[in-house]
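Just so you know, all these numbers are worked out from the coordinates, no wet-lab data involved. None of these values were measured; they are calculated from a predicted model. Here the Cβ positions follow ideal geometry from the backbone for every residue, glycine too, while neighbour counts run over all protein chains shown.
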Amino acid sequence: MKVKIKPFCLNRLFVCNRAQVSLELIILFAAFFGMLALILPVMSSSLGALIESSDASLARRISIEIADASSLMGFLAEGSVKEFDYYPAKSISVYSSGSQVVFESASKKFFAETGFSQSIPKEDFSSKFIITVLRLAQGVRVEVERVSDS
């Protein structure tokens, strides 16, 4: 005996399966976006901490390089020059306090002793800047220059 299946039942079964697949996809997308909503704030704060850490590390490196260059310039001839290019991730402040040059990130301060009084006004740098260490007859001078975006 042969069982005859009505086309209507097959069609109904097909629609029912498609609805189940659509529902499963909706649940899958909801789970994905739910996890994304949980992970995104954590990633955002981690990225901010990484950028602050990067600027603090750069400020430390700058202070060491400028202190070393200032010390070296004391032994070189008058007119000697050394330039350094720096690119902060977010922002670094540079200014002088007596014979020290201060490099400040959002979270830390670092000092470079130059041995001679400096007059650098406080300035924030968020893009490329150049620090020049010069040997003059009076001693060592540190200059900071902003590089314009061109």
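Against the conditions (1) part of a loop (DSSP other than H, G, I, E, B); (2) within 18 Å of the chain's Cα centre (by Cα), Ser148 satisfies every one except (2). Scanning the range 100-118 for residues that are among the polar types (S, T, N, Q) and either surrounded by fewer than 16 Cβ atoms within 10 Å (Cβ to Cβ) or within 20 Å of the chain's Cα centre (by Cα) (or both) gives Ser105, Ser107, Ser117.
Would you confirm whether any residue within the range 34-57 is surrounded by 13 or more Cβ atoms within 10 Å (Cβ to Cβ), closer than 30 Å to Gly139 by Cβ and of a type in the set (A, V, I, L, M, F, W, C)? Scanning the range 34-57, I find at least one residue that is surrounded by 13 or more Cβ atoms within 10 Å (Cβ to Cβ), closer than 30 Å to Gly139 by Cβ and of a type in the set (A, V, I, L, M, F, W, C), so the answer is yes. Selection of the range 77-87 for residues being part of a loop (DSSP other than H, G, I, E, B) and either touching a Phe, Trp or Tyr at 6+ places or on another chain (Cβ under 6 Å) or loosely packed, with under 14 Cβ neighbours inside 10 Å (or both) yields Ala77, Glu78, Gly79, Tyr87. Gly74 passes every criterion in (1) more than 21 Å from Phe111 (Cβ to Cβ); (2) over 29 Å from the mean Cα position of the chain (by Cα) apart from (1). Of the residues in the range 119-131, none is surrounded by 15 or more Cβ atoms within 10 Å (Cβ to Cβ), polar (S, T, N, Q) and in contact with a strand residue (DSSP E or B) (Cβ under 7 Å, 6 or more places away or on another chain).
Picking from residues in the range 90-99 that are surrounded by fewer than 16 Cβ atoms within 10 Å (Cβ to Cβ) and either among the hydrophobic types (A, V, I, L, M, F, W, C) or within 16 Å of the chain's Cα centre (by Cα) (or both), the one that is farthest from Ile66 (Cα to Cα) is Lys90. Residue pairs whose Cβ atoms lie under 7 Å apart, separated by 6 or more positions or on different chains, with the first residue in the range 107-128 and at positive phi and the second surrounded by 14 or more Cβ atoms within 10 Å (Cβ to Cβ) and of a type in the set (A, V, I, L, M, F, W, C), are Gly115/Val140.
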